[in-house]
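A short write-up of the structure that comes next.
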Amino acid sequence: KAKATQEPVAEPKAEPKTTRKTKAQAKPKAEAVAVAEAEAVAEAEAATEAATEPVAADGDPAPQGPPAPDDESSTGGAGGNTKTAEGEAEAEGDGPALPLTRVKTRAPGLTTAYKAATTTLDRNNLTGTRAKVYLVLDRSASMRPYYKDGSAQALAEQTLALAAHLDPEATVPVVFFSTELDGTGEITLTDHENKIDDLHASLGRMGRTSYHAAVEAVLAHHDKTAAAPGTPALVVFQTDGAPDAKTPATQALTDAAKTHPAVFFSFVAFGDPENKAFDYLRKLKTPNTSHFLAGETPRELTDKELYEGVLANWRP
């Protein structure tokens, strides 16, 4: 009797389970294999580049020159720094958070900037550093030309390429501010093209320049998402003028230095370096800030120049 009751129950259960599982998993498995193959090919190419080119002394890759179509294959430095397995690099923290091969497969347009960041981080003894990277963008009315000419989008892409070295997630939260907090968003390796322009266009009217609104928004986001309370963060804080309300701005940054000492604000100033509006940044003495005068045509800066300005005083 026991055998007669078990056999008809067991067989119908086994077959439908197997069939449903196979159908449901077929597509994801195929996609996973395709991604793995693409990354394997890119890794092989990077290894070939490193093997066939002369090894440069430390610091030699710095002069990039103008980007050229074959620039990717001529820079061996970045590839050389990422020859360890992806898992090792991420676990050990002795190299970039994401290797060159992954950036090449997921965001090939960021490869040149990623390599420039490799060099600058190395020169500043920051290779292997881990930190969350934020981008703050000014939406005061005077910023309109910098959104139109692509300067804001370009800075976002440079910031994302830098984040690929510092953050295994390579995700950059973006904070837009003017008179108040205008809005937030994020950019990733697979979702960054024209993203700043699209987000900016959705936020409506441009206002004044209230630094403190952006500082408070970044700290609130970091408190909610940081893996641990003392997690380092690098905030690329773009503006084209002094804060309208200097006292609240200075107070917000001073308080941040006390409550969030691991969060560093690296100001990037768009506009005439001689503009007296930037005297505020020149005179700012808080230990958690630095400033870089990017000039009136920031989009013309090389990746190397931008990174040298952003990273000059950051030592987490």
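Screening A152, A116 for residues that are aliphatic (A, V, I, L, M), within 30 Å of R208 (Cβ to Cβ) and part of a helix (DSSP H, G or I) leaves exactly one candidate, A152. Counting only residues that are without any contact (Cβ under 8 Å) to a residue 40 or more places away in the chain, within 12 Å of Y211 (Cα to Cα) and not hydroxyl-bearing (S, T, Y), the stretch 245-280 holds 6 of them. Among the residues of the stretch 113-160, those identified as in contact with an Asp or Glu (Cβ under 6 Å, 6 or more places away or on another chain) and surrounded by fewer than 19 Cβ atoms within 10 Å (Cβ to Cβ) are G128, S142.
The single condition among (1) free of Cβ contacts under 8 Å to residues at least 60 places away in the same chain; (2) under 25 Å from the mean Cα position of the chain (by Cα) that R299 does not meet is (1). Take the residues of the stretch 180-199 that are free of Cβ contacts under 8 Å to residues at least 40 places away in the same chain and touching a Ser or Thr at 6+ places or on another chain (Cβ under 8 Å): which is farthest from L234 (Cα to Cα)? My answer is E180. The residue list T184, T179 contains one member that is modelled with pLDDT of 95 or more, polar (S, T, N, Q) and part of a loop (DSSP other than H, G, I, E, B), which is T179. Can you tell me which residue is farthest from A201 (Cα to Cα) among those in the stretch 126-149 that are assigned to a helix (DSSP H, G or I) and of a type in the set (F, W, Y)? Top of the filtered list is Y146.
The values are calculated or read from the model by the stated rules, or taken from the named source; none is laboratory data. Here the structure is a predicted model, which means the values were calculated and not measured. Neighbour counts are summed over all protein chains in view; Cβ atoms, including those assigned to glycine, are modelled from backbone coordinates with ideal geometry.
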